[in-house]
Structure formats: C-alpha cells, structure tokens
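Q: Here it is, the structure in full.
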Amino acid sequence: MYYIGIDLGGTTTKAGLLNSNYEIVQRATSVSGMLKTQDEILSDIINLSRELMYKENITEQDVHSIGIGCPGITIPKEGFVISCPNISFSNVDMKTEIQKHLNLDVYVENDANLAALAEVIAGAAQGTTNTIVITLGTGVGGGIIIDGKIYRGSFWGAGEVGHQVIKFDNGHLCGCGKTGCWEQYASATALIRDAKEAILNTTSTLLELSEDNITAKTIFEAANKGDLVAKDILDNYLYFVALGLTNLINVLQPEVILIGGGMSAQKEKLIEPIKNHISSLLSHGQDLKTEIKCAILGNDAGIIGAGLLGTTFNN
Ligand SMILES: [Zn+2]
C-alpha cells in the first residue's frame, strides 16, 4: 500500500509518495505562494499526485489516501480548509475538489500538526503517546499529540504555542498583533535579531565569522569559539526557549518534547542548555521528567505526516 503526502508551503508545493514502510519513494514539486490562484494550487495538487503514481507505475487502487498539509486552519475529517493566510487559500472544500479528479480518500490538516504526527509514527518520538513537537525557524510552530492523536482543540486552532505571551513589559511586537509572544524570543529570527543588535555596540568575532551574514549557525559557532557576545546572546535565547517549554510542561506534562526546524541541527549544543534552564525554571522540588530531544525527519516531516494522516482516521 502507498500513501500520498502533500506539503503546501508558502513558496513550494512538495509532494511525496510513501511506501508501506513510510519511506518516501517518489517526489514531485511545483511553485506555489501568492502568485497562484486557488484553482491553480488545486490543479497542482492533482497533477503532482498523478506524477507520483506515474513515476512509481501504480494507480489510485494502490494508494490508501492522500493527505494535504496546509499552513493554516483546517477541518481534517471534512477535508475542508478554513484559512491559509500566507497563500491566500481559504474556504476550500479540498476533499470535494480533489475527488472530482482523483478516486482517493482526501484529508487535510495543519502542517505543524502533521510534523508532530510524522515524528510520532515514523520519527524521533515513535512509541510515545503524549508528545509536543516544536519548530524553531522563521517563527515558532507547535503540534500537540495527546493519547497518540493530534490535539486540535474545540475550534481547530490548538497548538499555537508561539503566541503564548512570555514578556509583559516592552515585549517585541509579534506578527499576530500582540507584543511579548514566545515566537519573538524563541524563533531563529529572534536569535539573529538579538545578535545583530548586540554587535552594533560591542567587540565580537561574529561579523568576521559570518561575513556580515549572521545566521543561527554562525552564532553557535562563535559561541563555541569563546566569543563572549555570542555566548551571552545564545544563553539568553536558550533561556527564553526553555521558559516557553516549561509553561508547556506545566500545562500538559508530555512524555517527550521534540525540537525541530533549522535550529535542531545544533543537537546537544541546543538540547543540554535548554534542559538545564528548564530544570531551574520548574517549581521547587519538581524534576524534569519530560524527555527533550531533537526531531529527526527534517523537511520531510510535512510530507510524511500528510501521507500518514489518513491512517489515523477510522473509515
Ligand atoms: Zn504572537
């Protein structure tokens, strides 16, 4: 049996065909984003799916279902997309539209939820039942799995961990319109912003190391080489990451929290200090029992989670 997973991103629509071992055996992509209309994106999804089946020499009968991950709010079982602000894709009956062309079961889901589902079924959180997967990238995304199932909340929008407010006074303005959101302190964007601000007034090797192009990676590198400015910024950043995670642990007490996104390439250099900060932030006498690890599926998590979405529904 095969599974089709579609990851509808802000700039690219990525499609993958999974085999019964949940491995991606075929891939196809097309350009997406604001330049395309809703109808064009829908035809892309249909064409990419046909391309995958053609390449593998299979038909719809060999495919369990198709899952589509969207950067927005969806009603998964109805196959309905409520809104995806970044790609102007809203109020789309995806299931009906796709089934006009493909004889397949169709499911849709928020992309961060799918990344979490993928890690639980086929990644670093296999075998766990209460799991949170956080993505530290341009923003901060989150997917919550409770009792092995995606937790969507009562109105389909749960898991927006990036907008928990962690700073009340003079907090940075967030894209959501509020100030002091976790995303403004825990995203890669926030780390880079702080580094750029700090080196304006101090002596640091950060600029030489990165040739005026500071990234999360170059900040970690500078800190490893003993640059005090980089060390300071990084420690402050990891404290804020830990602060938001401590809130999540206090509310949900998950078995494991996985950290994904570009930042997870730093592995133990990221995880160890975060664990230390959480231990000191937890209330007195409370041990850190939640395992904190890096996610392992990387950019494929979206496709894998989308492909496997249909297996989590009882039809
Ligand atoms: Zn916000």
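Q: Springs between alpha-carbon atoms under 10 Å, Gaussian network over the chain: tell me which of 34, 53, 94 tops the mean-square fluctuations.
A: Taking springs between Cα atoms under 10 Å, the residue moving most is 34.
Q: For the range 193-282, run through the GluC sites (Glu not before Pro) and keep only the ones in DSSP coil with at most 12 other Cβ atoms within 10 Å of their Cβ.
A: Sparse-neighbourhood loop GluC sites (Glu not before Pro): 211.
Q: Relative contact order for the range 126-296 using alpha-carbon pairs under 8 Å, separation at least 6, rounded to a whole percent?
A: 22 percent
Q: Indicate the helices, whole DSSP H runs only, in the chain that combine a mean Kyte-Doolittle hydropathy of 0.5 or more with a Cα extent along their long axis of 18 angstrom or more.
A: Taking the DSSP H segments of the chain (at least 18 Å long, mean hydropathy at least 0.5), we get 228-252.
Q: While we're looking at this one, here's another question. Between residue 283 and residue 35, with labels modelled 7 Å along Cα→Cβ, what's the label distance in nm to one decimal, could you check?
A: 5.4 nm
Q: Quick one: pull the percentage of alpha-carbon pairs in the chain with a separation above 38 Å.
A: Details: 8722 of 49455 pairs.
Tail of the P(r) past 38 Å holds 18 percent of the pairs.
Q: Continuing with the same structure: Given DSSP loops and a limit of at most 16 other Cβ atoms within 10 Å, what is the longest stretch of the chain that contains no such trypsin sites (Lys or Arg not before Pro)?
A: 1-76
Q: Continuing with this model, one more query. Defining a contact as two alpha carbons under 8 Å apart and six or more residues distant in sequence, what relative contact order in percent does the chain show?
A: Computed value for the chain: 20 percent relative contact order.
Q: Cα-Cα over 29 Å: which of 14/275; 14/196; 167/267; 14/225?
A: Violating the 29 Å limit, Cα to Cα: 14/275; 14/196; 14/225.
Q: First select every other residue whose beta carbon is under 13 angstrom from the beta carbon of residue 231; then total the charges, Lys and Arg +1, Asp and Glu -1.
A: -3
Q: Out of all DSSP beta bridges in the range 126-296, what portion is antiparallel? Express it as a percent rounded to 5.
A: 55 percent
No lab work stands behind these numbers, since they all come straight from the coordinates. These numbers come from a predicted model, not from an experiment. Virtual Cβ from ideal backbone geometry, glycine too; neighbours counted across all protein chains shown.
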